[in-house]
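Remarks on the structure that follows.
The values are calculated or read from the model by the stated rules, or taken from the named source; none is laboratory data. In this text, all values refer to a predicted model and were calculated from it rather than measured experimentally. Cβ placement follows ideal geometry from the backbone for every residue including glycine, while neighbour counts extend to all protein chains displayed.
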Amino acid sequence: MNILRKKTLPRRTFIKGAGASIALPMLDAMIPALNAKGYKNNSRLICIEEVHGLPGCNELGAKKFLFSPQTTGRDYKLVKDNVLKSLEEWRKDTIIISNTDVRMAEPITPAEIGGDHFRSSAVFLTQTHPKQTQGSDIHCGTSLDQLHANKFGQETILPSLQLCIEPTDKGGGCDYNYSCSYTDCISWKSPTEPLPMVRDPRVAFDLLFGAGGSPEERSNRRRTDQSILDWITSEVAKLQQSLGPSDRHRLNEYLEDVREIERRIQKIETQNTSGAPRYLPEAPIGVPDSFREHVEVMFDLQALAFMSDLTRVFSFKMGRDASGRVYPESGTTRGFHPASHHGEREDRVLEFAKINTYHVSLIPYFLEKLKNTPDGDASLLDRTMVVYGSPMGNSNIHNHKRCPLFLAGHANGQLKGNQHVITEDRTPMANVMLTLLHKLGRDDLESFGDSTGTLSI
């Protein structure tokens, strides 16, 4: 590697071996080169969809402040049953936005009535009404994450990566004459090009770290019990000789993080091939039965990808519309979709809230990891914008009003945190997303979806 004889390293330096290619994290040795090029560390973006809305979006839930706090500004209070309670310690890093509508998910024609579950996901990040079809003539809009990737993701190996937890491989048509592409995808590269989601952590790991070498080399590596790092040992040793003590320590920590995720994935695969009964028998071998474990592994992969600048854009679909999955860790054994149809009964609304509370409680794990990961003179949390929301409001009646949305991270100083914003009635969620696009550097966009303006956040 002739790069080792230089005084500085390019930001995008790889250690390559047979069937492996590991991008390096930000090192002090890279900073002079970055400064010389006038480098700007563009914001990372992750968009997370919560299907089925939240219980605080119906009349009873609103009265009990299960999502939207009673007060606005910086002094808002989260009641005990608020589904965002786990974010209390992160309030300086979060912004709650209440009362926005996702009108593009509503039915327009009589034939579309009842099909909300089968078009909502497509609307979330596009804020565009999808064409009702099960054919190849699908049509929606370009999504928020892809508009960011189109401008800032082209500098990275992967412009973006799409991850999910639930199966999204049904193909063909879904109910109410909607293509399953609308249900299975939240990222749209263009109005006619939905991007597939990756459910298997092994597949995601190999996309990020296993791209080097020939197909035969990659296949050989996967057939062995060796770590991906074993294929680059000599190159790592050479690189370390050229680094200062702090960079060597940083590199060792990063490679150990890569190895730890690899160990976890290997452990999951071993458990799932042991012959023991599985909670998710239909899932790929690399998919853990535990929802928490699955989400955390995916968050770890995203943090590592941000750290090494392999990609700056993720979308993450944590559920699938109409899913009956049970989350026993949440405190209820009622299926997700049945629980969302709570009939406005207080006990059922609170039961549904347990599932949503559990889902949100997994977010601090990711925020903590971003906060503790340096990126130049800041942390990844300072560099990142996290968008978490749902295109559905009151799922009991398939309503798309007062939909839940919150933001986390600081996007290179563009998001201040510690805010609760209640918008005026009938404000499109698209207004928030247009505002976020501007904060991400897309000032060239004058509109997005059905936006009518921007917000002050």
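Here is how the numbers come out for the structure above:
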{"item": "Only one of LEU405, LEU436 that is outside any loop (DSSP other than H, G, I, E, B) and touching a strand residue (DSSP E or B) at 6+ places or on another chain (Cβ under 6 Å)", "result": "LEU405"}
{"item": "The range 66-103, residues that are within 22 Å of the chain's Cα centre (by Cα), under 28 Å from ARG320 (Cβ atoms) and not in a loop (DSSP other than H, G, I, E, B)", "result": "LYS85, SER86, LEU87, TRP90, THR94, ILE95, ILE96, ILE97, SER98, THR100, ASP101"}
{"item": "Condition check for PRO159: within 24 Å of MET385 (Cβ to Cβ), within 16 Å of the chain's Cα centre (by Cα), part of a loop (DSSP other than H, G, I, E, B) and without any contact (Cβ under 8 Å) to a residue 40 or more places away in the chain", "result": "no"}
{"item": "Residue in the range 365-377 that is of a type in the set (S, T, N, Q), farther than 25 Å from GLY53 by Cβ, out of contact with any Cys (no Cβ under 6 Å at 6 or more places or on another chain) and in a loop (DSSP other than H, G, I, E, B) present", "result": "yes"}
{"item": "Restricting the range 260-298 to residues that are among the β-branched types (Val, Ile, Thr) and farther than 22 Å from HIS359 by Cα, the residue that is nearest to the chain's Cα centre (by Cα)", "result": "ILE285"}
{"item": "Selection from the range 85-112 of residues that are under 16 Å from ARG402 (Cα atoms) and touching a helix residue (DSSP H, G or I) at 6+ places or on another chain (Cβ under 7 Å)", "result": "ILE97, THR100, ASP101, VAL102, MET104, ALA105"}
{"item": "Enumeration of residues in the range 82-127 that are touching a Phe, Trp or Tyr at 6+ places or on another chain (Cβ under 6 Å), aliphatic (A, V, I, L, M) and under 22 Å from TYR182 (Cα atoms)", "result": "ALA122"}
{"item": "Any pair with Cβ under 6 angstrom, 6 or more apart, that starts in the range 279-298 at a residue that is small (Gly, Ala, Ser) and ends at one that is in a loop (DSSP other than H, G, I, E, B)", "result": "GLY286/ASP200"}
{"item": "Some residue of the range 378-398 being in a loop (DSSP other than H, G, I, E, B), at negative phi and surrounded by fewer than 22 Cβ atoms within 10 Å (Cβ to Cβ)", "result": "no"}
{"item": "Residues of the range 116-140 satisfying the condition of being more than 14 Å from LEU434 (Cα to Cα), modelled with pLDDT of 95 or more and outside any helix (DSSP H, G or I)", "result": "ARG119, HIS129, PRO130, LYS131, GLN132, THR133, ASP137, ILE138, HIS139, CYS140"}
{"item": "Filtered residue count, the range 50-65, keeping only those that are crowded, with 24+ Cβ neighbours inside 10 Å and either of a type in the set (Lys, Arg) or in a strand (DSSP E or B) (or both)", "result": "1"}
{"item": "Search result, residues across the range 422-436 that are touching a residue at least 40 places away in the same chain (Cβ under 8 Å) and among the aliphatic types (A, V, I, L, M)", "result": "ILE422, MET429, ALA430, VAL432, MET433, LEU436"}
{"item": "One residue from GLU346, GLU269, GLU253 being in contact (Cβ under 8 Å) with a residue 60 or more places away in the chain, loosely packed, with under 15 Cβ neighbours inside 10 Å and out of contact with any strand residue (DSSP E or B) (no Cβ under 7 Å at 6 or more places or on another chain)", "result": "GLU346"}
{"item": "Filter result for LEU440 (more than 30 Å from GLU253 (Cβ to Cβ), surrounded by 21 or more Cβ atoms within 10 Å (Cβ to Cβ) and either within 18 Å of the chain's Cα centre (by Cα) or of a type in the set (Lys, Arg) (or both))", "result": "no"}
{"item": "Residue match in the range 442-455 (condition: among the β-branched types (Val, Ile, Thr), assigned to a loop (DSSP other than H, G, I, E, B) and either farther than 15 Å from ASP145 by Cβ or at pLDDT 95 or above (or both))", "result": "yes"}
{"item": "Members of the range 202-214 found to be modelled with pLDDT of 60 or more and over 21 Å from HIS294 (Cα atoms), listed by number", "result": "none"}
{"item": "Entirely in the range 223-329, the helices (runs of 4 or more DSSP H) that have 1 or more residues that are of a type outside the set (Lys, Arg), more than 30 Å from ALA122 (Cα to Cα) and in contact with a Leu (Cβ under 8 Å, 6 or more places away or on another chain)", "result": "233-241, 245-272"}
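Residue by residue, here is whether (1) within 27 Å of THR435 (Cβ to Cβ); (2) more than 21 Å from the chain's Cα centre (by Cα) holds:
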position	(1), (2)
SER323	no, no
PRO328	no, yes
GLY331	no, yes
PHE336	no, no
GLY343	no, yes
LEU350	no, yes
THR357	no, no
ARG383	yes, no
SER390	yes, no
